[in-house]
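The values are calculated or read from the model by the stated rules, or taken from the named source; none is laboratory data. The shown structure was predicted, so the numbers you read here are calculated from the model rather than taken from an experiment. All Cβ positions, even for glycine, are placed from backbone atoms using ideal geometry, and neighbour counts span all protein chains on display. Note: accessible area is taken over every heavy atom of the protein model, side chains too, but ligands, DNA and RNA are not part of it. Shrake-Rupley method; radii C 1.70, N 1.55, O 1.52, S 1.80 Å.
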Amino acid sequence: MSDNRSLIRDFILHELLNGEQADELEFDTNLLVSGLVDSLGMVRLIAHLEEKLSVKIPPEDVTIENFISIDVMADYLKTVQTS
Amino acid sequence: MVFLLPDAVTEAAQVASERTAIVCRKESLSYGQLEQRSNQLARTLVDQGVIRGDRVGIFLDKSIESAITLYGIMKAGAAYVPLDVSAPPARLDYVVKHCGIHHLVTAPNKRRGLVQLLASSDSPIECLIGAPAIEGIRARHISWKDISLTSSSHIESGCLDQDLAYIMYTSGSTGEPKGIMHSHASGLSYAKWAHDVYSLRAEDRLTNHAPLHFDLSTFDFFAGALAGATTVIVGDEYLKLPASYSQLLADEKITTFFTVPYTLTQLLTRGALDQRDLTALRWIIFGGEPFPMKYLVSLMAALPHARFSNMYGPAEVNGCTYYHVPRPIEDEETPIPIGTTWRNADALIVDEDDHILTDNTPGELLIRSSTMMQGYWNRPDLNKLAFAKLAGTEEHPHYYYCTGDLVERLDDGNLKFLGRKDRQIKTRGYRVELDEVEASVLKLAPVEEAAAFAVPYGEGSLSIHVAVILAPESNQVTSIDLLKTLKEMLPWYSVPQKLTTEFTFPRTTSGKIDRRALQTRAAQA
């Protein structure tokens, strides 16, 4: 599933951060308190993942527990891809 | 007797020491603990040379410490100056110097920002409270551990209610932030007003949604403390994930939720509200900007047991009018009014020559109230323009704050907000309210957010531009479709010449759309 991590990181880095702050964006970085992703960025990221992975991410799943870092998101995506 | 803002905490600690005052993530403080820990900070500040009348900066994320800090600073006799941790270093450097901040309360996790903030060789900051040693920084430092070893007994600041309690820096139209000065009297007056209007009780559980540099936060802390209620500080991570925010509201059994329309719209569209038990919610209070009617109507339907209230007031006068939204809303299309002033405030409507209007014609709103600021810190130029001497008598004139907001008094006495005075433009020879254009665009179903702004065009003329963010399911809609519908809604001269769709908007530090940044960008294009 390392592909999903790259997919998420690439989108955040190039689409949300315009290629800047690459050094701060680790797989385990807390995206929500670092200010790297804002609320609309999160909406765009989710739309992107739904399209690329052909999955449906219900609003109630978009929580801190599932989206705090790239690692955590990748683990969560596994659960929707297999279900 | 409660006449200083921290007196409310001291009194609550005497009446019910064990009652929970503050919650943040997994931590909480009782009123007794908040009293003691803020006393310890106050004593530390005094030991470090803070004297009555000083300004002490706060450079903290939302945390338990942020609540301790604002009371600790006021107990030391100083005014607190909350700094926006997300603001560019140059802006923070301006505030620190303009306000003469020698002492700053912070935390170890702000190391990176502190290095940037203290990089300026002539920074007046000489003491960091709550920070570790940082290489290359010569300011002395006191750790939170050191503070916890200080005596927690009560400390007398000697302050009067007319002394400054806090200074909040807000964007100025010239680009330089201006510091709004509030005394204990004006802050407490607002807290009493909020306490009264929303009948706050000790059993209430409030949120603290806004950061400390945003005036909404004074309601959460000061009105909450006056009621002896619990204030739950909402971490920034919740603001980005509405489904977690709604879960927090349910888990914490929040009764009184004061926030901005933008957050409520996010909760409605992405907050999975149908799966949350929010029956504890008594009040949903919103302010800061108009709430698009389509979202307000839907949210009221989604939360049938809660009462909704629109609170209006520039930070310069705190809250000054309120409107409790009736159920059902009679007219679901027309924006709700900002309501009426509370009993201890007076509203005047004046024309461009400051003549008082009494015939319900629109004009600028002027406010006289005990909640009014003392003025802008060290800006005599702005203070001359901010207040108008009107009414009263020659010997005892009345001073009003000029809000810059255009309003109209409705037949039922409620005030209707029409827009900002500086948002009224002339285009193609006609007078247009940009806020009215924006409100029309927001009525369109696919539009989630909209910003209207004027862009210079040709010689001395202005053209109207609109930027919109579409709802995720509406990405097939084009600008042409939207403009076509707008032509049917607005007079021809009000129809935007340009409409662009965006993914995201630049925002001010308080989360409002930064229309000036959009305007600058468009003017340069």
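Things to note:
- Taking the charge dipole of the protein assembly as shown about its Cα centre, with +1 at Lys and Arg Cβ atoms and -1 at Asp and Glu Cβ atoms, the residue from B:Pro506, B:Ala90, A:Met42 reaching farthest to the positive side is B:Ala90.
- Under 5 Å, built H, 5+ apart or other chain: amide partners of B:Cys320: B:Tyr312, B:Gly313
- Share of Cα-Cα pairs in chain B lying beyond 35 Å, as whole percent: 37 percent
- Unit charges on C-beta of K, R, D, E only; dipole of region B:345-418, Debye: 420 debye
- Averaged over peptide A:63-74, the number of partner chain Cβ atoms lying within 10 Å of each residue's Cβ comes to 3.
- From phi via Karplus (6.51, -1.76, 1.60), per-residue ³J(HN,Hα) for region B:13-21 in Hz, x at Gly/Pro: 5, 6, 6, 8, 4, 7, 5, 6, 9
- Net length gained if the chain between B:Val115 and B:Leu160 were fully extended (0.36 nm per residue, minus Cα distance): 12.6 nm
- Three-way shape label, region B:428-524, alpha-carbon gyration tensor, a/c 1.5: oblate
- Mean per-residue shielding of peptide B:234-247 is 6, counting Cβ atoms of other chains within 10 Å of each Cβ.
- Whole-number D in µm² s⁻¹ for chain A, Kirkwood Cα-pair radius fed into Stokes-Einstein, 4 °C, 1.567 mPa s: 102 µm²/s
- Shape category assigned to the protein assembly as shown from the gyration tensor of Cα positions, a/c cut at 1.5: rounded
- For B:Cys127, the solvent-accessible surface with a 1.4 Å probe is about 0 Å², rounded to the nearest 10.
- One way to sum up the overall shape of region B:7-182 is the equivalent ellipsoid from its Cα gyration tensor, whose semi-axes run 26, 18, 16 Å, largest first.
- Euclidean distance between Cα centres, region B:151-168 to region A:25-83, Å: 45 Å
- Accessible area expressed per residue, chain B, with surrounding protein chains retained (probe 1.4 Å, Å²): 43 Å²
- Accessible surface buried by the A/B pair amounts to about 1600 Å², both sides summed, 1.4 Å probe.
- Residue-averaged 222 nm ellipticity for chain B, from DSSP H runs of 4+ at -39500 (n - 2.57), nearest 500: -8500 deg cm²/dmol
- Label point distance in nm, B:Glu332-A:Phe27, each placed 7 Å from Cα along Cα→Cβ: 4.9 nm
- The mean sequence distance of close C-alpha pairs (under 8 Å, at least 6 residues apart), as a share of the length of chain B, puts its relative contact order at 10 percent.
- Taking the DSSP bridge list for the protein assembly as shown and keeping only pairs wholly inside it, about 60 percent are antiparallel.
- Each residue, B:Lys389 and B:His305, gets one label point 7 Å from its Cα in the Cβ direction; the gap between the two is 5.5 nm.
- Nearest-10 value in Å² for the accessible area of A:His14, using the 1.4 Å probe: 110 Å²
- Relative to the dominant Cα principal axis of chain B, helix B:434-443 is inclined by about 80°.
- For region B:267-412, the relative contact order comes to 18 percent (Cα pairs under 8 Å, sequence separation of at least 6).
- As a ratio to 2.2 N^0.38 Å, the alpha-carbon radius of gyration computed for region B:177-272 takes the value 1.12.
- By average C-beta atoms within 10 angstrom, highest first, the peptides B:253-261, B:49-57: B:253-261, B:49-57
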